[in-house]
Amino acid sequence: MPPSMTECSANKLIHGDVCHRTSNSKTSSGRNGFVKNHCLFQQPQQKNRRPSENNHVVRNASLYSKPFVEQFEETPLLVAVLTYMGYGILTIFGYLRDFLRDWGMEKCHVARERDEQKDFVPLYQDFENFYTRNLYMRIRDNWNRPICSVPGAKMDLLERATKDYNWTFEHTGKVVKDVINMGSYNYLGFAENTGRCADAATESTHKYGVGVGSTRYEMGNLDLHEELEQLVARFLGGCLILSDELNHASLVLGARLSGAIIRVFKHNNMVSLEKLLRDAIVHGQPRTHRPWKKILILVEGIYSMEGSIVRLPEVIALKKHYKAFLYLDEAHSIGALGPHGGGVVDYFGLDPKDVDIMMGTFTKSFGAAGGYIGGKSELIDYLRSHSHSAIYATSMSPPVSQQIITSMKIIMGEDGTTLGGVRLRQLSDNTTYFRRKLREMGFIIYGNDDSPVVPMMLYMPAKIGAFGREMLKRNIGTVVVGFPATPIIESRARFCVSAAHTRDMLDMALEAISEVGDVLQLKYSRHQKHPHLPSSQGSWSSEESLLQEPSH
């Protein structure tokens, strides 16, 4: 098996990475496996340290204006061993079933190549095919569940059943009502079919229709598109690519298609990034040793599988020092971080001009579709004239454009209300509350304390499917994630907190998570557990309360 497929968490964070991992075998009060990456500012470093934590102070704390806290607890040794054993057992039975299929003793549902295609290059590696047939199919019912309502704080699911062990599904005709949605990227609660955004989108549909039917270079450039571009600009305020090892697959693919040389630095590790920058400047290009024309640093705002936030102040400092360029993907952070919803740049209080290329999507916090690229006017003009998608793709649908405009104006406070600030504060409060409660229950969760993406570690393959099914039985919709989206032994559940979640919804979800965690023995954390949830006084009492405009 290739090493990249078996990379464990301990291999990712060494020699000054996000945090120092502790050895599984050491159980002293100072090194018991629980680690925390905690930047301390304007106070002695020994202050606020608990014996059960191993704090890693950022090298350039002066670059930060607020504490930067990320936690990654080491996998317990017994859990790691049992996880490998689980995959070993599944692999043995997988080869046995493949043998039975080859000899016709078990029905084979796998698509087979024709004899004349045997010499074609395979689309997938042998291990990936094996994994899909014998491991993924066992738990396939946890993905692609059909939704038959707005995917807001609550949603309705179509019930389905399988008679051939998840190879095919049939709808039963029943609907699972009022499932609490803990999986959608609905950070600010704009996934809704009522309210100001929906009304504005409906009005734009009556005025412009649903589609445009032309490119922006021909007859598809609406005044809505011009307004949206100006609004986004106000809202955001022979090359080498240095890419974070946990960048999204779309960034990795785009970097490869560019034809540039790619070098990968350890996740959020400024020591690793600086070493690559120095090596690139000292040694230059391979063989010729000529200086690189450009060095581009590629990072994300929030890493969607780890829940961590990029150390942007340090990245910008390195970028300036070594005269590099910076590409920032704010897909998950735009609208969800910062006092004004401006993403990770706003979160750290930095100057957007220090980021050369800012990319983000409208699919998450804004409840719409599409995305944007921000940068200098020369860059945008170049993309407009050279990008195939800009030239040949049909223009954005008018109601989608209007949804983005309305939601962005609400976030910016240009709608005449303070509803945007209310949503941002509610998202922050919900995130803090949800993360703290999971940690107190004894679960291992990853990421930054301010990240609305909350990964909770499951580890063992059998528990991936079991957790998703048991949560749905309790009317909680969750996302479970495994290989190849994560390292093969780091399977997890990923919760996405929303401003539309009420405190009662979060408490119901937490109670269900705790109950399923006890049944499946998922409370792996070694730090002190707290017995139960406190009351939810002073929180939102209904879903509608978030959507009401404050009285003036």
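The values are calculated or read from the model by the stated rules, or taken from the named source; none is laboratory data. Predicted model only: the values in this text are computed from it and were never measured. Quick reminder, even Gly has a Cβ in these numbers, built from the backbone with ideal geometry, and neighbours come from all protein chains shown.
Suppose we filter the stretch 477-487 for residues that are surrounded by fewer than 21 Cβ atoms within 10 Å (Cβ to Cβ) and within 19 Å of residue 88 (Cβ to Cβ); how many remain?
Selection size over the stretch 477-487: 4.
Could you please find all residues in the stretch 257-277 being surrounded by 12 or more Cβ atoms within 10 Å (Cβ to Cβ), out of contact with any His (no Cβ under 9 Å at 6 or more places or on another chain) and not polar (S, T, N, Q)?
Correct list: 260, 261, 262, 263, 264, 265, 267, 270, 273, 275, 276.
Which residues, counting only those in the stretch 436-491, are of a type in the set (A, V, I, L, M, F, W, C) and within 18 Å of residue 267 (Cβ to Cβ)?
444, 445, 453, 454, 457, 481, 483, 485, 488, 489 - these are the residues of the stretch 436-491 that are of a type in the set (A, V, I, L, M, F, W, C) and within 18 Å of residue 267 (Cβ to Cβ).
Which of the residues belonging to the stretch 225-242 are in a strand (DSSP E or B) and buried (at least 20 other Cβ atoms within 10 Å of the Cβ)?
Listed by number, the residues that qualify are 240, 241, 242.
List the number of the failed condition for residue 210; all other conditions in (1) among the hydrophobic types (A, V, I, L, M, F, W, C); (2) touching a Leu at 6+ places or on another chain (Cβ under 9 Å); (3) surrounded by fewer than 14 Cβ atoms within 10 Å (Cβ to Cβ) hold.
Going through the list (1) among the hydrophobic types (A, V, I, L, M, F, W, C); (2) touching a Leu at 6+ places or on another chain (Cβ under 9 Å); (3) surrounded by fewer than 14 Cβ atoms within 10 Å (Cβ to Cβ), residue 210 breaks only (2).
Just checking, does the stretch 174-182 include any residue being under 24 Å from the mean Cα position of the chain (by Cα) and on the phi > 0 side of the Ramachandran plot?
no
With outside the structural domain of residue 430 (by TED's automatic domain parsing), loosely packed, with under 14 Cβ neighbours inside 10 Å and either in a loop (DSSP other than H, G, I, E, B) or not aliphatic (A, V, I, L, M) (or both) as the only criterion, which of 193, 221 stands out?
193
The conditions are (1) within 30 Å of residue 483 (Cα to Cα); (2) assigned to a helix (DSSP H, G or I), and residue 264 fails exactly one of them. Which is it?
Here residue 264 clears every test but (2).
Looking only at the stretch 155-184, which residues are part of a loop (DSSP other than H, G, I, E, B), of a type in the set (S, T, N, Q) and not assigned by TED's automatic domain parsing to the domain that holds residue 470?
Within the stretch 155-184, 162, 166, 168 meet the criteria.
Are there any pairs with C-beta distances below 8 angstrom linking a residue in the stretch 223-252 that is closer than 25 Å to residue 281 by Cβ to a residue that is exposed (fewer than 13 other Cβ atoms within 10 Å of the Cβ) and polar (S, T, N, Q), with the two at least 6 apart or on different chains, and if so which?
239/258; 241/258
Test residue 296 against the stated conditions and say whether it is out of contact with any strand residue (DSSP E or B) (no Cβ under 6 Å at 6 or more places or on another chain) and within 30 Å of residue 361 (Cα to Cα).
So residue 296 does not fit the description; no.
Only residues that are of a type outside the set (D, E, K, R), assigned to a loop (DSSP other than H, G, I, E, B) and either farther than 28 Å from residue 337 by Cβ or in contact with a strand residue (DSSP E or B) (Cβ under 6 Å, 6 or more places away or on another chain) (or both): list them for the stretch 436-451, please.
443, 444, 446, 451
Which condition breaks for residue 437 when tested against (1) within 19 Å of residue 347 (Cβ to Cβ); (2) crowded, with 21+ Cβ neighbours inside 10 Å; (3) of a type in the set (D, E, K, R)?
Just one mismatch for residue 437, condition (1).
Scan the strands (runs of 3 or more DSSP E) fully inside the stretch 280-377 and keep the ones with 1 or more residues being small (Gly, Ala, Ser).
Where strands (runs of 3 or more DSSP E) fall fully within the stretch 280-377 and carry at least 1 residues being small (Gly, Ala, Ser), they are 357-361, 371-374.
Residue 517 versus (1) at pLDDT below 95; (2) in contact with a Lys or Arg (Cβ under 9 Å, 6 or more places away or on another chain): which is the lone unmet condition?
(1)
Before we move on, is residue 80 within 27 Å of the chain's Cα centre (by Cα) and either modelled with pLDDT under 80 or small (Gly, Ala, Ser) (or both)?
Judged against the criteria, residue 80 is a match.
In the stretch 520-544, which residue that is assigned to a helix (DSSP H, G or I) and surrounded by 12 or more Cβ atoms within 10 Å (Cβ to Cβ) is modelled with the lowest pLDDT?
Going through the qualifying residues, I end up with 543.
Please work out if residue 514 is more than 22 Å from the chain's Cα centre (by Cα) and either of a type in the set (Ser, Thr, Tyr) or in the same structural domain as residue 333 (by TED's automatic domain parsing) (or both).
Answer is yes for this residue.
How many residues does the stretch 311-347 hold that are in contact with a strand residue (DSSP E or B) (Cβ under 9 Å, 6 or more places away or on another chain), at negative phi and not basic (Lys, Arg)?
21
Could you please let me know if residue 466 is part of a strand (DSSP E or B) and among the small types (Gly, Ala, Ser)?
Against the criterion (part of a strand (DSSP E or B) and among the small types (Gly, Ala, Ser)), residue 466 does not qualify.
Looking at the stretch 349-391, which of the residues that are surrounded by fewer than 12 Cβ atoms within 10 Å (Cβ to Cβ) and hydroxyl-bearing (Ser, Thr, Tyr) is nearest to residue 301 (Cα to Cα)?
Among those residues, the one meeting the criterion is 377.
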